[in-house]
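Chemist: Before I ask anything, here is the structure I am working with.
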Amino acid sequence: MKTPLVSDLNSEQNITTFFLVCEKEIRSTREGKPYLRLELGDRTGTIEARMWDQFEAAAKGIHREDFVKVQARVEIYKNRPQLSVIQVRLAKPEEIDLGDFLPQTKADVRELYAKLLEYTGLISNPWLKKLVGGILNDPAIAAKYKRAPAAKVMHHAYLGGLLEHVASLCGLAKVVAAHYPELDLDLLLTAAMLHDVGKLDELCYERAIGYTVEGHLLGHIVMEMETVSRAIDAIEGFP
């Protein structure tokens with residue numbers, strides 16, 4: 001885990017650590033002197049940073065959503081911490097642990113996914129079981145399902161959030177179906193497991209949580225309809 005985190009920067013100190021670039025722009029002081037303004041972040045928050053001298057190379061080579069290694073002085077300005085950057089460079093891939101920069105579920109994703117597959121076993125309708133199993137047992141889908149957030153900001157907006165959200169819904173479906181026997185547990189579980197499968201490709205989460213091009217243009221509802229339709233088409237005789 002990287003240290004210090006943004007949440008630790010509450011007193012004047014010298015630091016050398018890694019950040020995600022959230023914003024980058026060239027500004028000018030009242031006297032007209034240009035400087036580089038950055039907003040830097042990790043999983044605990046963001047902090048404003050300014051580089052006053054010899055920032056031209058950084059301004060050209062560093063962009064929003066880049067990971068950077070920063071040497072800086074923490075200063076308290078108007079009762080808030082701010083970084084005065086001395087040096088900054090692009091981080092190497094091997095220097096970065098994504099978990100330091102994006103929030104993630106506290107649950108064990110392997111256990112959650114195993115639980116999800118257990119819920120698949122509760123589906124008695126053979127067609128729905130084959131449909132759900134075919135999607136959830138696809139290695140490419142499983143890998144995304146274990147990592148994807150459920151949203152950008154609204155709910156479960158962290159790595160593993162979608163899996164946590166869906167596993168919770170399946171548990172609720174089981175309880176509700178037991179209380180209301182007229183409900184179809186097979187349909188409830190199928191809907192719970194597949195209702196957000198489009199978010200696996202609607203959202204991107206390799207650096208910051210955002211939307212893919214397809215996510216912007218289509219949205220997860222259309223995307224999951226296509227995913228489920230393709231899976232149905234691959235099952236011969238699906239009613």
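Chemist: In the range 23-77, which trypsin sites (Lys or Arg not before Pro) are in a loop and have at most 15 other Cβ atoms within 10 Å, using DSSP for the loop call?
Modeler: The qualifying sites are 30, 64.
Chemist: Which number do you get for Rg(Cα) / (2.2 N^0.38 Å) in the range 17-116?
Modeler: Rg over 2.2 N^0.38 Å, computed on Cα atoms: 1.31.
Chemist: Still on this structure: Semi-axes of the equivalent ellipsoid of the chain: what are they in whole Å, largest first, if each equals the square root of 5 times a C-alpha gyration tensor eigenvalue?
Modeler: Equivalent ellipsoid of the chain: 46, 18, 14 Å, largest first.
Chemist: Here's a follow-up. At a Förster radius of 25 Å, what calculated FRET efficiency corresponds to the Cβ-Cβ distance of residue 234 and residue 143, to the nearest 0.05?
Modeler: 0.80
Chemist: Taking R0 as 41 Å, what FRET efficiency do you get between residue 56 and residue 125 from their Cβ-Cβ distance, rounded to the nearest 0.05?
Modeler: Rounded to the nearest 0.05, the efficiency is 0.05.
Chemist: When you count, for each residue, the other Cβ atoms within 10 Å and take the mean per peptide, how do 230-236, 108-114 rank with the highest first?
Modeler: The densest-packed peptide leads the list: 108-114, 230-236.
Chemist: Another question about this same structure. I'd like the orientation of helix 220-233 relative to the chain: the angle between its Cα long axis and the longest Cα principal axis, in ° from 0 to 90, rounded to 10.
Modeler: Value to nearest ten degrees: 40.
Chemist: Right, here's the next one. Check residue 23: other-chain or 5+ apart residues with amide H under 5 Å from its amide H, H built from backbone geometry?
Modeler: The answer is 39.
Chemist: Starting from the Cα of residue 154, move 7 Å in the Cα-to-Cβ direction to define the label point; list residues of the range 196-239 whose amide nitrogen is under 16 Å from there.
Modeler: Residues 196-204, 210-212, 215-225 qualify, since their backbone N sits under 16 Å from the label point.
Chemist: Next up: Can you list the lysines whose alpha carbon sits under 30 Å from that of residue 144, skipping same-chain ones fewer than 8 residues off?
Modeler: Within the straight-line limit of under 30 Å, residue 144 reaches these lysines: 2, 24, 69, 92, 106, 115, 129, 130, 152, 174, 199.
Chemist: Given springs between every Cα pair under 10 Å in a Gaussian network model of the chain, which of 13, 104, 82 has the largest fluctuation?
Modeler: Comparing 13, 104, 82 in the GNM, the peak value goes to 13.
Chemist: How much length, in nm to one decimal, is gained on full extension between residue 107 and residue 2, taken as 0.36 nm per residue of separation minus their Cα-Cα distance?
Modeler: 35.7 nm
Chemist: Which value at 222 nm does the chain reach when only helices count, each DSSP H run of 4 or more adding -39,500 (n - 2.57), with the total divided by all residues and rounded to the nearest 500 deg cm²/dmol?
Modeler: The helix-only estimate for the chain comes to -11000 deg cm²/dmol at 222 nm.
Chemist: Now for a separate question. Over 17 Å apart: what share of the alpha carbon pairs of the range 69-115 falls there, rounded to a whole percent?
Modeler: 63 percent
Chemist: Size of the dipole of the chain about the Cα centre, Lys and Arg at +1 and Asp and Glu at -1 on the beta carbon, nothing else charged, in debye to 20?
Modeler: Using only the charged Cβ atoms, the result is roughly 760 debye.
Where a number appears in this text, it was derived from the coordinates with a stated rule and is not lab data. Because the structure is a prediction, the values reported are computed rather than measured. Every residue, glycine as well, gets a Cβ built from its backbone with ideal geometry; the counts of neighbours run over all protein chains shown.
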